[in-house]
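Let me begin by presenting the structure, written as structure tokens, before commenting on it.
The values are calculated or read from the model by the stated rules, or taken from the named source; none is laboratory data. Bear in mind that the values here come from a model prediction, so they are computed numbers and not experimental data. Cβ placement follows ideal geometry from the backbone for every residue including glycine, while neighbour counts extend to all protein chains displayed.
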Amino acid sequence: MTNRELLRAPRDALGPVERQRHYVLRVESTPVPCPACHTPVEAITAAGLDLDQYAFGRRPPEYRCPRCAAALAQVVPVLAAGGPGWHWALGRAWLAERLAQARLYDREHPGEAK
């Protein structure tokens, strides 16, 4: 059964493993705003995958916002208050690189308005 078929299947017709996979697909398909550009992005899209390519329990993919190309990390808070139970955070290395570029630009263009 493909992931698309799994999402369309009636929940009561699914076994325990299929129900868990169904839940994971629903959570991973829930759009959450990108912290850089605020565009709603679901995890499967941010991983650059098609829904049927999503592999359960494998190594976590690298996530990027399809709109602004920000490197994203999935973060699960200690206390989730509704929603999918996770949110995006900017990738630390990506953010550090952007800040270094901004500092370099400021040094090269000292008189320009900020």
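The residues of the range 64-77 that are assigned to a strand (DSSP E or B) and modelled with pLDDT of 95 or more, listed by number, are Arg64, Ala71, Leu72. Candidates are the residues of the range 48-66 that are surrounded by fewer than 18 Cβ atoms within 10 Å (Cβ to Cβ) and within 13 Å of the chain's Cα centre (by Cα); the one that is nearest to Arg8 (Cα to Cα) is Leu49.
Mind checking which pairs have a first residue in the range 34-59 that is more than 17 Å from Arg4 (Cβ to Cβ) and a second that is buried (at least 16 other Cβ atoms within 10 Å of the Cβ) and among the β-branched types (Val, Ile, Thr), Cβ under 7 Å, 6 or more apart or different chains? The qualifying pairs are Cys34/Val41; Pro40/Val32; Val41/Val32.
Checking every residue in the range 28-42 against the condition of being small (Gly, Ala, Ser), in a loop (DSSP other than H, G, I, E, B) and surrounded by 14 or more Cβ atoms within 10 Å (Cβ to Cβ) gives at least one match. Please go through the range 67-110 and pick out each residue that is closer than 13 Å to Ala43 by Cα and touching a Ser or Thr at 6+ places or on another chain (Cβ under 6 Å). Answer for the range 67-110, where residues must be closer than 13 Å to Ala43 by Cα and touching a Ser or Thr at 6+ places or on another chain (Cβ under 6 Å): just Pro84. Listed by first and then second residue, the pairs linking a residue in the range 4-16 that is in contact (Cβ under 8 Å) with a residue 12 or more places away in the chain to a residue that is part of a helix (DSSP H, G or I), with Cβ atoms under 7 Å apart and 6 or more places separating them unless they lie on different chains, are Arg4/Leu51; Arg4/Asp52; Leu6/Glu18; Leu6/Arg21; Leu6/His22; Leu6/Leu25; Leu7/His22; Leu7/Leu25.
When the test is whether a residue is surrounded by fewer than 12 Cβ atoms within 10 Å (Cβ to Cβ) and either more than 24 Å from Arg21 (Cα to Cα) or of a type outside the set (Gly, Ala, Ser) (or both), Leu99 passes it.
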